[in-house]
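See structure below.
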Amino acid sequence: MAQAYSAGLTVTDNIVLRKDRILPLKGEVLVKKGDRVKANDVVAQTSLPGNVVPFKVANKLGVPAEMLGNFLKIKVGDEIKKGQVIAETKGLFGTGWFKTAVKSPIDGEVESISAATGNAVLREPRIPVQIKAFIDGIVTEVIKDEGVVVENRSAYIQGIFGLAGETTGQIKMLAKSPVDHLDPALITPDCKGKIIVAGALCSLEAIKKAAEVGVNAIISGGVDDEDLKKLLGYDIGVAITGHEKIGVTLVITEGFGPITMAKNTFDLLKRFEGQQASVHGFTQIRAGVMRPEVIIPLPLGEGEQLVAEEAKMSSLEIGSLIRVIRQPNFGEIGRITELPEILTKVESETMVRVLKVKLNNGKEVLTPRANVEVIAE
Amino acid sequence: MQYEKKKLTRIIATDCGSTTTKAILIEFVDGEYRQTVRGEAPTTVEAPLNDVTRGVLNAVQELEELARLKYNNPNITLIQDAKLVIPRNGDIGSDAYVSTSSAGGGLQMMVTGVVAKMTGESAERAALGAGAIVMDLIASNDQRLDHEKIERIRHLRPDMILMAGHTDNATSNKHVIEMAELVGAADPKPRLGSSYKLPVIYAGTIKAREDIERTLGNKVGLMITENLRPTLERENLGPARDEIHNIFMEHVMQQAPGYNKLMAWTVGPDLKPVPIMPTPAAVGNIMQTIAKQENIEVLGVDIGGATTDVFSVFTDEHIFNRTVSANLGMSYSISNILASAGLDNILRWVPFDIDVKELRNMIKNKMIRPTTIPALFKELVLEQAIAKEALRLAFVQHKEFAVSLKGTQKSSDIAEAFSQSESGDTIVNMLTLDLMVGSGGVLSHAPRRHQTMMMMIDAFLPEGVTKIAVDSIFMMPHLGVLASINEEIATEVFNKDCMVYIGSCVAPVGKIKEGKIALEARIELPDGTVFEEKIPFGELRLIPCPAGSFGKATLKPGRGLDLGAGKNQEITANLIGGGVGIVLDTRGRRPFVIPVEAAERVPRLIKWMKELKAYPQELLN
């Protein structure tokens, strides 16, 4: 077994991406095939019926339900404004004195009026729902009445775990090196609306500070699970995330605990500092895995064709760059020097296939093959 | 379909688990069928591969390489052009390929109700009772706008939706129909986008069934079952819970990216398809066969990466029960064990101090990188502590399901209507149980069988006299599906290579004071020696007794304790030996208590682990 399949996350400075942008309900697509769009452009929209407000008109007017019709100033289908008189009595002996008037509590329209109950059903104005492009790119497909497919060429980082949903912003490096722990004091008001990059760890304090300042997203090598529990108020049982309301999106690139951010990830972010990126924390770790993403769109040449490369299986080979993903040496990076075939007993007495790796710290160690991942170069 | 034995001289069988794909080769060698080599590879259900057959090829490639080494024959070939070669022609190919699958992993559901605190919560309880994770509860009155609810359904990609709403005597069924319209508008698709429609179970008012059928019938895989809240005061969770459980086991858990492709690969020697079996169905068949062959009561468990499946055959009528705890497992679901069991329950099995922050991070790292294995002693101990809790919780769930009457209804007054739970009398009786069988990675591949014995005793707390066996290298699923093409071969390999007795456990039931005699044991061992001891309460003893032999025992429980024949009653028994031996466990049952204080607990754990030879003695000091 000179080589073997190994899991690994994608980190690359050039990839063709495709994103479906679909409305929750049928509506109107605002762009056409071939259009170039920006991440924050609205590509499709629809509107939903407004909320219904039951309103006891006869009761408020002090008249029997069956007589309400005599006093109404509106009919079904009418548009109404908040404060507009919708029913009114004629006053004492029809003189207009001591009139009682009922005003609309909302802007909207009249849905129905019941002669049986004396109630009106009012409906608030329609609610617009919009879908943005999320990434800068080209509309390559229009799905009629539903949405579009946007494609682009990007620098791309797949995170291992994330929290909260889609956002965009400029990349700002707060860490000087991938081993840094994010100092909350560095998160100043100029970070507002930005995507900030930590090194090996971002603490609960840093996450809270970022949310307070209005940072859009944090990209960090690691985070402590204990901090996440405090942040969310519950233990994450199964990793299905992305809908948390925590005020800031979080993308973790390496794992839990303080873990040095992989150098190629850190360098890539540094290279694109100041550029606009699209980020989300959606994670589903189960069959059909979803991982958080950092997408940095690259400029497209006029008429350039976007051709996605075929998916490749990363494999363990002599010389492959790998990261150790479990203790001992968790987080260390090195190159494979040997792939012995025989099963080897490790400290836990488990008999496993191992590999020999020369770590960046100079040590050469044996480690189970299952406990490393290949870093694409 | 059954094939003749002579047509099956080399068979490849795989189990595509949520985390690992395990392949075995079964061959006719020297006049008998044996399991000869074994390979495994990560299950490939993540981009960029997203195709379960890649994991199969990787695992079979390992089989091929190991077979070449074993027979010193470089010509043995199982794969050509990225496909399995069937039928066999000399060194090339195999006669059949069969597979089980549980690659889809755990069960994550959404539930809907009309009033969140009433039908919504009942639906949530039914889903939780079936072992599901409830990703969200959507109710007519939950303040969210319709499009937000629709977006939520689409984004979360549930495996199944349970709909409840209105009592059977409600005057209106408008809201539940509106909810169905909303589910219809979301047009939910199975997350792995394969050959079936997303299962939606309707368990709301009977009056809306036709409307629901009309609204959703063509869009989803609609199943209609009894109303889980027939009246305001009565909850009827059983039918909905059982429906969820069955659909998950039979349809959802085996699905994975590339599943359709895999279905085309599993064929017999005539290239006719052999259906892929869900892993728990295959293991369940094996457990039932054991119980029937030996005419005994059996409790079996298969602990995987995403789920833990428990099987039992109890009572004279041999009632079989099978449960899948959909979110208790050692990789994808490991963090859910922590969330469900709590940190203290895990730490009570750990014989050393550990920084809680470190432990939490370790668990989460296993969750996000599920294929890693514990290389360090401390990490092994921690994983096995977590496994004990997964097994314990799965067993609790199993006992709740394994009741004499299914679908027990519970009535209560209106004050209790908000806090109901299902009840029933379990038929699981540990005192009459004859045999426990353990399977799954953490049990089959524990570095020492002693650890397997320890995990099974600590998790299931067997009572009286119980035989304990293990699936040698994890091949019960493979043999379960192999039986569908030839029962004889499956039985032969099962008896020769699969089930291994590791020993027996003797445990008096009850609790007495520390230091009092809990068990007087006299055991005549096959080598002629006699073990004789009055064992105080709170101890463990391990008496070696080789596989295939028995210890003839006279066992007298301490005052007030019971070994199955009644309190204080002496019994005689032939205690089966095995790779571990005979364990005498006087730590008490009903209750079984571990001291809370670390200062008291840790020395005791170390003493028990040393006695059981569970870990290297020097590492426990």
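What follows draws every value from the coordinates through simple rules; no lab data is involved. Bear in mind that the values here come from a model prediction, so they are computed numbers and not experimental data. Positions of Cβ are backbone-derived with ideal geometry, glycine not excepted, and every protein chain shown enters the neighbour counts.
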Worksheet item: Cα to Cα, under 16 Å, and not fewer than 8 places away if on the same chain: which aspartates and glutamates meet these conditions relative to residue B:6?
Response: B:27, B:30, B:32, B:95, B:270, B:487, B:488, B:492
Worksheet item: When you count, for each residue, the other Cβ atoms within 10 Å and take the mean per peptide, how do A:362-373, B:303-314 rank with the highest first?
Response: B:303-314, A:362-373
Worksheet item: Shielding of B:355-366 by partners, i.e. mean partner chain Cβ atoms within 10 Å per residue?
Response: 6
Response to the item:
Sorted by chain and number, the residues with a modelled amide H under 5 Å from that of residue A:326, at a separation of 5 or more or across chains, are A:331
Discussion item. What percent of all Cα-Cα pairs in the stretch A:12-88 falls into each 5 Å bin, going from 0 up to the bin containing the maximum distance?
Written reply: 3, 10, 15, 13, 9, 7, 7, 8, 8, 7, 6, 4, 2, 2, 1
Item to complete: Divide by every residue of chain B the summed helix terms, -39500 (n - 2.57) for each DSSP H run of at least 4, and state the resulting mean residue ellipticity at 222 nm, rounded to the nearest 500 deg cm²/dmol.
Response: -9500 deg cm²/dmol
Discussion item. With bins 20 Å wide starting at 0, give me the P(r) of the protein assembly as shown over every alpha carbon pair, in whole percents.
Written reply: 12, 39, 34, 11, 3, 0
Practice prompt. Sort largest first and round to whole Å: the equivalent ellipsoid semi-axes of chain A, each the square root of five times a Cα gyration tensor eigenvalue.
Written response: 58, 24, 19
Worksheet, complete the sentence: Log entry: pair-distance distribution for the stretch B:108-252, C-alpha pairs binned every 10 Å from zero, whole % per bin is 13, 49, 34, 4, 0
Worksheet item: aspartates and glutamates within cross-link reach of residue A:194: Cα-Cα under 20 Å, excluding same-chain residues under 8 positions apart?
Response: A:41, A:136, A:166, A:180, A:183, A:205, A:212, A:244, A:267, A:273, A:293
Worksheet, complete the sentence: When B:448, B:144, A:323 are arranged by how many other beta-carbons sit within 10 Å of their Cβ, fewest first, they go B:144, B:448, A:323
Worksheet item: What are the lysines whose alpha-carbon lies under 26 Å from the alpha-carbon of residue A:144, with same-chain residues fewer than 8 places away excluded?
Response: A:19, A:26, A:32, A:33, A:38, A:132, B:149, B:189, B:197, B:219
Worksheet entry | Loop-located GluC sites (Glu not before Pro) in the stretch B:571-621 whose Cβ has at most 13 other Cβ within 10 Å (DSSP) | B:597
Fill in: Surrounding net charge for residue B:135, when Lys and Arg each add one and Asp and Glu each subtract one, Cβ distance under 10 Å
0
Worksheet entry | Cα point-scatterer Debye curve for the stretch B:423-468, base-10 log of I(q)/I(0) at q = 0.16, 0.19, 0.20 Å⁻¹ | -0.49, -0.64, -0.69
Item to complete: Please give, to one decimal in nm, the separation of the simple spin-label points placed at residue B:344 and residue B:292, each 7 Å out from Cα toward the Cβ.
Response: 4.6
Item to complete: Kindly identify the stretch A:55-123 as rounded, prolate or oblate by the Cα gyration tensor criterion: order the square roots of the eigenvalues as a ≥ b ≥ c, call it rounded if a/c is under 1.5, otherwise compare a/b with b/c, prolate if a/b is larger, else oblate.
Response: oblate
Fill in: Angstrom value of the Kirkwood radius, inverse mean 1/r, which spans all Cα pairs in the stretch B:1-111
14.8
Discussion item. Restricting to DSSP loop positions (anything but H, G, I, E, B) with no more than 16 other Cβ atoms inside 10 Å of their own Cβ, which chymotrypsin sites (Phe, Trp or Tyr not before Pro) remain in the stretch B:316-406?
Written reply: B:352
Discussion item. If I take the Cα coordinates of the stretch B:510-590 and project them onto the principal axes, what are the three extents in Å, biggest first?
Written reply: 35, 21, 20
Discussion item. Taking the Cα of residue A:26, stepping 7 Å toward and past its beta carbon, and measuring to each backbone N in the stretch B:195-221: which are under 18 Å?
Written reply: B:215-220
Fill in: Inter-label distance for residue B:145 and residue A:67, nm, one decimal - labels placed 7 Å from Cα along Cα-to-Cβ
4.1
Worksheet item: When the dipole is taken about the Cα centre of chain B, and only Lys, Arg (+1) and Asp, Glu (-1) are charged at their Cβ, what size is it in debye, to the nearest 20?
Response: 680
Response to the item:
Between residue B:254 and residues 5 or more places away or on another chain, the pairs with built amide H atoms under 5 Å apart involve B:104
Worksheet item: Counting partner chain Cβ atoms within 10 Å of every residue's Cβ in A:346-355, what's the average?
Response: 6
Response to the item:
Averaged over the residues of B:372-382, the number of partner chain Cβ atoms within 10 Å of each residue's own Cβ comes to 6
Discussion item. With unit charges on the beta carbons (Lys and Arg positive, Asp and Glu negative) and the dipole taken about the Cα centre of the stretch B:510-590, which residue among B:563, B:523, B:579 sits farthest to the positive side?
Written reply: B:563
Item to complete: Please state, rounded to one decimal and in Å, the Kirkwood hydrodynamic radius that chain B gives when every pair of distinct Cα atoms enters the mean of 1/r.
Response: 25.9
